[in-house]
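Since every read-out is calculated from the coordinates, none of them should be taken as a lab result. No experiment lies behind these values; they were computed from the predicted model shown. Every residue, glycine among them, receives a Cβ derived from its backbone with ideal geometry; neighbour counts consider all protein chains shown.
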Amino acid sequence: MSVTTLLEGWSDWRHEHPINDQPHNPYKWAMSIDLDACTGCNACSVACYAENNLPVVGKEKYAHGQVMHWLRIERYWDEDGREFPDQGARFLPMMCQQCEAAPCETVCPVGATNHTPDGLNSQIYNRCIGSRYCSANCPFKVRYFNWYDYPTTDNVWPAEMNQQLNPDVTVRGKGVMEKCTFCVQRLREAESNAKSQGRVVRDGEVQTACQQVCLPGAITFGNLVDPESKVHKKWQAQQVELAKDVQAKDKEEGGSKLRGYRILEELRPYPSVMYLERVRDSAI
Amino acid sequence: MSQRHLLALFDNFDEAAAAVKELRNTSIKGFDSNKDMIMKSPIEHPEIEEVLGDKPVYVQFFTLGGALSGGLLAFFLIAGAQAVFFAQSKGGKPIVPFPPDFVLTYEMFILGGVYITILGFLICAGLPAKRSPLYSAKVSEDQIGILVKSDEGAINTLKAIFTKHQALEIQEEAGK
Amino acid sequence: MKDIREDIAWAKINKDVLHSLENPRKMFWVMLVVAIAMVGVGVGCEAYQYITGMGVANMDNPHVWGLYIASFIFWIGMSHSGTLLSAILHLMHADWRKPIYRFAEAMTTFSLMTAGLFVFVHLGRAWQVYYAIPYPNERGIWPNFQSPLLWDAMAIFTYLSSSILFLYVGMIPDLAICRDNMNPGWRKKLYTALALGWEGTDRQWRNFRVTYLTIACFLIPLAVSVHSIVASDFAMSQQPGWHITSFPPYFVAGALYSGCAAIITLFIILRYVFRFEEYMTLPILKKIVRLTFAISMVWTYLNMIEMASVWYGHDPVAKDTLLERMYGPYAPFWWSMIFCGSIVPLIMAFKRFQTNIPVMFVVSLLLNLGMWLERWMIVSPTFAHGYYPWTWDHDQWPSFVQWGIVFGSFGWFTLLFMGFCKLFPSVSMYEVKEMVYHRSLATKAAAGKLEAAGKGAH
């Protein structure tokens, strides 16, 4: 720690979230999920379990609400009195939205959750003391707490299933908060490889586990500041901008015909996940 | 000449005050009413200030210093920690945000003020104090004591003054 | 109604109060065992939770907070009474606080200690609670100063240490009295050490007066800011039902309310147990009851303001959250809170009941029950009905572990308070003497005569 560090740090002090006066460079990870393509098959959720060493809590704890699925498929039904109610089911894959102005980051008493330069909301397991304020403040409730010590609980990873655990990811003990990380272990590996070759990660070179297994290709993931990436083009086509709490297209008369939206945008967390609204049968 | 202590006990504040006044106004050889007289009482008597003379209280300076330094120290510690040691962006807010820093600066301002005031109190009141050579438990009950230190020659004059103001008891330090 | 006699012998004041420090009767030991048993229940539940994980408390996603936070706020709230009496009423020259402020200040200190326990109990990894302490360490990391929970930690540390110091400094003249009147033994040694050689000299009193006033002036903004910071845990978040600007004053009002109710309870208990009828007189009880009534009306008003702001605000989620409180799964508790907090205190408006000891005892306990329920009703319903529809319609109730620990906290408080009352004078002797002295001066001045008051009192 020297005087130079001190002065440098102090000169940084007025910078707000990176997009304002220091745009993301070279990476800003973002996602786009097409709800029309999504069939609700849950493959993404299972892939996330496998990739990130998520514990399977069992039926009783699931019913209690103590489930650990970082990526959950939510089901909503229209209650419009139709003959076959199940016909109206809609599926929403919900995971940590990696908000640019995340409400969870400011409230952690020990600073276990912060914002990385490449636009992710980081969760540092060793620092977490389990106050759960971050989850209390999350509008999406996508943070999951380790209510029990799953590594030492029976039937979570019964013998030989523990061979399936991903060595790149920690196995969390009790009392720690966890959530979707956009498969940060894969991102870091790809970034490191690219850097050693003196280039930036190309679009499609790294995939999140959920994106990898999605059969209809509903999940698009990539670098939002790379103009050639699919996710950048999707966001642009839908006219959804990261740093806005109300999109210009939504202010138009009669609403917009574009399908892209972000959830709970008006609360201004600036989420990094865009959803493409399902084209409803009634709309055709 | 050696100095001895006398402790006179009164059960009436007005008489004790009158005794003190007389001691201050009379000049007695071998006795300095400024330095050698202490009044002890079970409750505080701000009225005695007029009679005892001007004795300033310095505790407030400790308070001021303590509060200001507490607040400044807190602000620089927190801002330094945020800017240097832990320069991570949180919630889209600036790295050194003023509203939360203000809250903590305010708390530590109060903390510094209280702690240093207590320190100032202990210093200014001279606590922990060495026990006086003459003390009566009655002082903590309901009587006022006047402790004086004087040369041998003045003892009788002092005793006379005390008796004149209806001292209940006069304790004398044993001769050396 | 009999108020404190102006011509009471000061020696009697000493004697009566010191009498409370004598060896305890059998009832004391029985109560002590009960309190220890309660603490044992709490410790057992916490041990189970510590070893197994927070899941045994029945918390889940999204109900991540439960009775621990609610009780934490309750105990901090209860601590405000001591400051109210010591500091605010001191600045207002309200003499009647003098016989009762000592045990109120003690109550403040012990409530804060009990609240501190809940911080520990609430954390998922309690063994790493020291991460939240700002000290230079080999990790090179400091806590997050932006977090209201961390402001809590600092504010409570400040408040607890300031209260202890204030309690101690205010007690020094009384400790000198204890020292002078104790038979030789471990107690005399204790008081001699703690009294710091106090002899009541004019220099000591002069500085004491200024110090007491200065600290009182600091304690008032401290108490207000501490509970405002605790309110910030909720107000600074985004959740509906929490993100309300009137939360800081609402919490402070609730704190003063529950503190005053607790003072009434302890007043009645101490008055009976130590036979302090001479000092803790019925006029004083009447005044504190009236004060509690006034505060209850302030609390009721702030509660209504919160509802009014929801009505004006047109925010559908906030409206739904409020309606959930009234008609949802927590409705019985919410309505009990309204009953205990706003209806029951109306009884205190009637002169007939203001000094009726059994009625006031029950009323004060109900008021505190209402305040505890209020804290719970702030924490849980917002989780039951927040912004996100996927989280709705999922009932969650605390398990026996949570109830056990809350139960144990009352035992812990009782234990500390009982220990205090037996070791230290729970009525401030020198202040009662001051009160008597000034009243007799006032009477003398009114009578226009200047003759000495009764024997032994100057």
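With angles folded into 0 to 90 degrees, how steeply does helix C:10-19 sit against the dominant principal axis of chain C? Use alpha carbons for both and round to 10.
That works out to roughly 50 degrees.
Between A:Asp168 and A:Leu258, what FRET efficiency comes out of the Förster formula 1/(1 + (r/R0)^6) with R0 = 45 Å and r the beta carbon distance, rounded to 0.05?
It comes out at approximately 0.75.
Given points 7 Å out from each Cα along the Cα-Cβ axis, report the C:Gln128 to B:Ile123 separation in nanometres with one decimal.
Modelled inter-label distance: 4.2 nm.
Using the Kyte-Doolittle scale, find the helices of chain B whose mean hydropathy is at least 0.0 and whose Cα atoms extend 30 Å or more along the helix's long axis, counting only whole DSSP H runs.
Qualifying helices, which must be both long enough and hydrophobic enough, are B:59-80, B:98-125.
Put a dot 7 Å past each Cα toward the Cβ at A:Thr39 and C:Ile51; how far apart are the dots in nm?
4.9
Based solely on its DSSP helices, what 222 nm [θ] is calculated for chain C when runs of n ≥ 4 H residues each add -39,500 (n - 2.57) and the sum is averaged over all residues, nearest 500 deg cm²/dmol?
-23000 deg cm²/dmol
For the range B:59-125, go through all pairs of different Cα atoms, get the mean of 1/r, take its inverse, and jot down that Kirkwood value in Å.
Final number for the Kirkwood radius of the range B:59-125 is 12.8 Å.
Can you show me the helix-derived [θ] at 222 nm for chain A, built from DSSP H runs with n ≥ 4 at -39,500 (n - 2.57) apiece and divided by the number of residues, rounded to the nearest 500.
Per the formula, -5500 deg cm²/dmol.
Could you go through the range C:118-127 in sequence order and give the Karplus-derived ³J(HN,Hα) for each residue, using 6.51 cos²θ - 1.76 cosθ + 1.60 with θ = phi - 60°, rounded to whole Hz, and x for Gly and Pro?
Whole-Hz 3J(HN,Hα) from phi for the range C:118-127: 5, 4, 5, 5, 6, 6, x, 10, 4, 5.
What is the helix-to-structure angle for C:26-52, meaning the angle in degrees between its Cα long axis and the longest Cα principal axis of chain C, kept from 0 to 90 and rounded to the nearest 10?
30
What percent do you get for the relative contact order of chain C when only Cα pairs under 8 Å and 6+ apart count?
Over chain C, the number comes to 34 percent.
Among C:Tyr48, C:Tyr430, which comes first, second and so on when ranked by fewest other beta-carbon atoms within 10 Å?
Neighbour counts put them in this order, fewest first: C:Tyr48, C:Tyr430.
Find out how many positive minus negative residues lie around C:Ile229, taking Lys and Arg as positive, Asp and Glu as negative, among other residues whose Cβ is under 11 Å from that of C:Ile229.
Value of the local net charge: -3.
Any of A:Lys233/B:Lys93; C:Lys287/C:Lys422; B:Lys164/C:Lys188; A:Lys61/A:Lys249; A:Lys230/A:Lys251 with alpha carbons more than 32 Å apart? Name them for me.
From A:Lys233/B:Lys93; C:Lys287/C:Lys422; B:Lys164/C:Lys188; A:Lys61/A:Lys249; A:Lys230/A:Lys251, over 32 Å: B:Lys164/C:Lys188; A:Lys61/A:Lys249.
When a footprinting reagent is the concern and you count Cβ atoms within 10 Å, what order do B:Lys29, C:Lys319 take, fewest first?
Starting with the residue having the fewest Cβ neighbours, the order is B:Lys29, C:Lys319.
Given B:Met108, B:Phe76, B:Ser136, which one lies farthest toward the positive end of the charge dipole of chain B, if we put +1 on the Cβ of every Lys and Arg and -1 on the Cβ of every Asp and Glu?
B:Phe76
Name all residues of the range A:42-73 having a backbone nitrogen under 11 Å from the label point set 7 Å from the Cα of A:Asn155 along its Cα→Cβ direction, giving them as ranges.
Correct set: A:57-61.
Quick check: from the Cα gyration tensor, does the range C:386-435 come out rounded (a/c under 1.5), prolate or oblate?
Cα axes put the range C:386-435 in the oblate bin.
Could you give the Stokes-Einstein D for the range A:156-243 in µm² per second, using the C-alpha Kirkwood radius, 20 °C, 1.002 mPa s?
137
Give the angle, between 0 and 90 degrees and rounded to the nearest 10, that separates the Cα long axis of helix C:429-447 from the longest principal axis of the Cα atoms of chain C.
For helix C:429-447, the angle is close to 60 degrees.
Taking the C-alpha atoms of the protein assembly as shown, how large are the radius of gyration and the largest Cα-Cα span, Dmax, in Å?
33.8, 119
Please label the shape of chain C as rounded, prolate or oblate, based on the square roots a ≥ b ≥ c of the eigenvalues of the alpha-carbon gyration tensor (a/c under 1.5 means rounded; beyond that, a/b larger than b/c means prolate, else oblate).
Prolate, because a/c is 1.5 or more and a/b exceeds b/c.
Tell me the mean residue ellipticity at 222 nm calculated for chain B from its helices only (DSSP H runs of n ≥ 4, each -39500 (n - 2.57), averaged over every residue, nearest 500).
Result for chain B: -14500 deg cm²/dmol, rounded to the nearest 500.
When N is the residue count of the range B:93-155, what does its C-alpha Rg come to as a fraction of 2.2 N^0.38 Å?
2.21
If you only keep lysine pairs separated by 8 or more in sequence, or across chains, how many in the range C:1-148 come under 18 Å at the Cα atoms?
4
Please list, in order along the range B:41-54, the HN-Hα scalar couplings obtained from phi with the Karplus expression 6.51 cos²θ - 1.76 cosθ + 1.60 (θ = phi - 60°), rounded to whole Hz, x for Gly and Pro.
Each residue's phi maps through the Karplus curve to give 8, x, 10, 6, 10, x, 4, 6, 4, 4, 7, 6, x, 7 Hz.
Residue by residue through A:143-154, how many Cβ atoms from other chains fall within 10 Å of the Cβ on average?
Rounded to a whole number, the mean comes out at 4.
Compute the convex hull volume of the Cα atoms of the range A:14-283, divide it by the residue count, and report the result per residue in Å³ as a whole number.
Residue-normalised Cα hull volume stands at 160 Å³.
Can you tell me the length gained on complete extension of the stretch B:Phe102 to B:Asn25, counting 0.36 nm per residue apart and subtracting the Cα distance?
Extra length available between B:Phe102 and B:Asn25 comes to 22.3 nm.
Enumerate the calculated ³J(HN,Hα) couplings along the range A:110-122 in order (Karplus 6.51 cos²θ - 1.76 cosθ + 1.60, θ = phi - 60°), each rounded to whole Hz, writing x wherever the residue is Gly or Pro.
10, x, 7, 10, 9, 10, 8, x, 8, x, 9, 8, 8
If you take the Cα Rg of the range C:106-236 and divide it by 2.2 N^0.38 Å, with N the number of residues, what do you get?
1.36
If you take every residue apart from C:Tyr130 with its C-beta less than 13 Å away from the C-beta of C:Tyr130, what net charge results, scoring Lys and Arg +1 and Asp and Glu -1?
+2
Does the range C:19-97 classify as rounded, prolate or oblate by the C-alpha gyration tensor (a ≥ b ≥ c root eigenvalues; a/c under 1.5 gives rounded; else a/b over b/c gives prolate, otherwise oblate)?
oblate
Using r as the Cβ-Cβ distance of B:Leu72 and A:Ala237, and R0 as 51 Å, what FRET efficiency do you calculate, to the nearest 0.05?
0.45
Output the relative contact order of chain B, whole-number percent, from Cα pairs under 8 angstrom with separation of 6+ residues.
That works out to 52 percent.
Per residue, how big is the convex hull around the C-alpha atoms of the range A:24-165? Give it to me in cubic angstrom, could you?
Dividing the Cα hull volume of the range A:24-165 by its residues yields 169 Å³.
Work through the residues other than C:Pro329 whose Cβ is under 11 Å from its Cβ and net out their charges, Lys, Arg +1 and Asp, Glu -1.
-2
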